[in-house]
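J.: This structure is in structure tokens; I'll ask about it shortly.
The values are calculated or read from the model by the stated rules, or taken from the named source; none is laboratory data. Everything quoted here is computed from the prediction, not taken from an experiment. In this analysis, Cβ positions are derived from the backbone assuming ideal geometry, glycine residues included, and neighbour counts consider all displayed protein chains. Just so you know, the surface numbers come from the protein's heavy atoms only, side chains and all, with ligands and any DNA or RNA stripped out. Shrake-Rupley method; radii C 1.70, N 1.55, O 1.52, S 1.80 Å.
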2 protein chains.
Amino acid sequence: MGTTQLENVPEPKYWHLKTVLVDALDSEFEVGEILPNERDLAARFGVARATLRQALEQLELEGRLQRRRGVGTTVAPPRMGVSVGPSSGSWPGATGDAWRTVGCVEAAAPAAVADVLGTDADEAVHTVRRVRSMGGQSVATELLYVPRASVPGLPGDLTPADHAPAVLRELHAVELDGDDRAVELGSARAEDAKQLDRLPGAAVLVVTTRYFSGGRVAAVAVATYRADTCRLTFGDSGAMEITHHGQERHAAAS
Amino acid sequence: MGTTQLENVPEPKYWHLKTVLVDALDSEFEVGEILPNERDLAARFGVARATLRQALEQLELEGRLQRRRGVGTTVAPPRMGVSVGPSSGSWPGATGDAWRTVGCVEAAAPAAVADVLGTDADEAVHTVRRVRSMGGQSVATELLYVPRASVPGLPGDLTPADHAPAVLRELHAVELDGDDRAVELGSARAEDAKQLDRLPGAAVLVVTTRYFSGGRVAAVAVATYRADTCRLTFGDSGAMEITHHGQERHAAAS
DNA sequence: CAGTGGTCTAGACCACTCA
DNA sequence: GAGTGGTCTAGACCACTGC
């Protein structure tokens, strides 16, 4: 037959929608500009709102859009480059680091963390919560787990206000042999989402850092970064520090 | 009034569903076991299929589930730890690295890449495509961009089969000053998705590596890793290499 | 209060895998 | 061809923001 198989693999509508929207974003919109609302956009493209939303969700995941309930959808600025190490041989909480301590409790760590620390699953560890801000917005939250055995000199009677500083101070007295990092995709738990100004379940990059001392894991930090707004940079080697503020975005051909 | 505000913040159904499913996964299912189909699950929980799917999607994103069209939904194994550097001062394609070269073309790089390389937007660069496998499945694809200026000794007449090896060979003759990495969230383009055995749009971790030589960026690699199955590890410092094969998963309390 | 994005429903059809 | 997940629709209501 003469059928030339023009479109045997019709791509999904939301996928095509995405490319149309990306083109529009690149050519007709400025950063911070507000898009028409979802109902209007869906009508304009002749699709159901759910389909339009599927496209918007992916674009938000890719850091191209920012949506806020009750407000609207805006064009997002390029992702920020956030340095996550190596820490050049220093403990967290060293003077001048990018984190702000917001509290500290003593409680059992999650099973996965206790596993890495080598502590018992129900053993209480110092848990310091910290927040990292850049450009006026919170980009990450962190839980730093420090077993009691790693800070033997810590006094027993501490006011809540003194707890976190004391743990960090004791930590700095320990010799740090090195550290180790892993990055994976996660979704924000309710508590983290709140501090990151996102909804629960939002995509986050989870950075797990192991701090070694005396051949053991002396502390573990689990940091969750907003995946929509952050690009994590690992400044290995003594190479130049270019901050890459490209005018263009990822726009590879399919 | 005596109303004690029992549930002023009703969490979404899909969110609650997720926690129920995670508990079930942890207690009643084995890795690789196949779940009931979506229509049955939705009926069992008394929700619409779309709502059930919203929960499954997040669990798949978190690497807890694996869904395959025409087959079913299975319980995923823990994420693989994949080492992504630092490269200990060696170029890509060194003997013994984890990648398999699948082709090489000479074409204009995406704008974002040309920006980093410092080449003209329409300047053709050598583009080597590679694939990384672990445990019998493809976990990442990579495009390595090498400007002509970085491999001046490359002969002009190359068969397609010789192209990639020749580029890598020339590269190895260049002195490598250091490298640099950034990680961000992306979604798989059609071509990458195919090689990763995922659907287009699947969540991926994009690792951008800059290779420095002579004070310039001599090459750039853009690698996309399956976000559902991979945990990227950065083995900084000479610290011990623990491969962390925890029996327990992330299970932090809300 | 009007307008926004977030959640949810109850269907339908399609693309794919495998027996 | 039966059964699976993937896409899509046309509604509805809710939670939140800001005027």
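J.: Given a 1.4 Å probe and the protein chains all in place, what does the accessible area of B:TRP15 round to, in Å² to the nearest 10?
T.: Counting only protein heavy atoms, the figure is 40 Å².
J.: Taking the Cα centre of the protein assembly as shown as the origin and placing charges on Cβ (Lys, Arg +1; Asp, Glu -1), which of B:ALA218, B:PRO77, B:VAL47 is farthest toward the positive end of the dipole?
T.: Selected residue: B:VAL47.
J.: Further question on the same structure: Summarise the accessible area of chain B (1.4 Å probe, protein heavy atoms) by the percent that is carbon and sulfur. Display every interim value, and only then the final one.
T.: Details: 6600 of 12800 Å².
So the carbon and sulfur contribution to the accessible surface is 52 percent.
J.: Something else: 5 Å is the cut-off here: which amide hydrogens, built 1.01 Å from N in the peptide plane, fall below it relative to B:VAL82, excluding neighbours closer than 5 in sequence?
T.: Amide H to amide H, under 5 Å and 5 or more residues apart or across chains, B:VAL82 pairs with B:ARG231, B:LEU232, B:THR233.
J.: Okay, moving on. For A:ASP228, list long-range residues whose amide hydrogen, built 1.01 Å from N in the peptide plane, is under 5 Å from its own amide hydrogen.
T.: Counting only residues 5 or more places away or on other chains, the set is empty.
J.: I've got another one for you. Could you work out how far helix B:13-28 tilts from the main Cα principal axis of chain B, as a 0 to 90 degree angle to the nearest 10?
T.: 90 degrees
J.: Using r as the Cβ-Cβ distance of B:ARG100 and B:GLU123, and R0 as 22 Å, what FRET efficiency do you calculate, to the nearest 0.05?
T.: 0.20
J.: Here's a follow-up. Rank these residues by their accessible area, most exposed first, probe 1.4 Å: B:GLU142, A:GLU106. Provide the component values of the computation, followed by the final result.
T.: Values: B:GLU142 10, A:GLU106 75 Å².
The residues order as A:GLU106, B:GLU142, largest area first.
J.: At 1.4 Å probe size, what's the solvent-accessible area of A:ASP97? Round to the nearest 10 Å².
T.: 60 Å²
J.: Let me ask another. Can you tell me which lysines have their Cα less than 24 Å from the Cα of B:LYS194? Leave out same-chain residues fewer than eight positions away.
T.: List returned: A:LYS13, A:LYS18.
J.: Under unit Cβ charges (Lys, Arg +1; Asp, Glu -1), what dipole magnitude, rounded to 20 debye, does the protein assembly as shown have relative to its Cα centre?
T.: Here the protein assembly as shown has a charge dipole of around 1260 debye.
J.: Around B:ASP197, under 10 Å between beta carbons, what's the net of Lys plus Arg minus Asp minus Glu among the other residues? Present the calculation step by step, with values, prior to reporting the outcome.
T.: On the way: positive: B:ARG68, B:LYS194, B:ARG198, B:ARG226; negative: none.
Its environment carries a net charge of +4.
J.: For an R0 of 45 angstrom, estimate the FRET efficiency from the Cβ-Cβ distance between A:ALA149 and B:THR159 and round to the nearest 0.05.
T.: 0.15
J.: So what's the back-of-envelope 222 nm ellipticity for the protein assembly as shown, counting only DSSP H runs of four-plus at -39500 (n - 2.57) apiece and dividing by all residues, rounded to 500?
T.: Details: 12 runs with 127 residues, N = 508.
So the helix-based figure for the protein assembly as shown works out to -7500 deg cm²/dmol.
J.: For chains B and A, what's the summed buried accessible area, probe 1.4 Å, to the nearest 100 square angstrom?
T.: Buried surface at the B/A interface: approximately 4700 Å².
J.: How would A:ASP197, B:ASP40, B:ASP179 line up by accessible area, probe 1.4 Å, largest first?
T.: Most to least solvent-accessible, the answer reads A:ASP197, B:ASP40, B:ASP179.
J.: Now for a different question. Report the charge-dipole magnitude of chain A in Debye, nearest 20, computed about the Cα centre from +1 at each Lys and Arg Cβ and -1 at each Asp and Glu Cβ.
T.: Details: 26 positive and 34 negative charges, 146 e Å.
In debye, rounded to 20, chain A gives about 700.
J.: Related question: Give the shape of chain B as rounded, prolate or oblate, defined through the alpha-carbon gyration tensor: a ≥ b ≥ c are the square roots of its eigenvalues, a/c under 1.5 means rounded, and otherwise the shape is prolate if a/b is larger than b/c and oblate if not.
T.: Cα axes put chain B in the prolate bin.
J.: Right, another one. Dipole of segment B:21-86, Cα-centred, from +1 at each Lys and Arg C-beta and -1 at each Asp and Glu C-beta, to the nearest 20 debye?
T.: For this selection, approximately 360 debye.
J.: Can you list residues whose amide H is under 5 Å from B:VAL139's amide H, if they're 5+ apart or on another chain and H is modeled 1.01 Å from N?
T.: So B:VAL139 has HN proximity to B:ARG132, B:SER133, B:MET134.
J.: Helix A:160-172 versus the longest principal axis of chain A: what is the Cα-based angle in degrees, 0 to 90, to the nearest 10?
T.: The answer is roughly 80 degrees.
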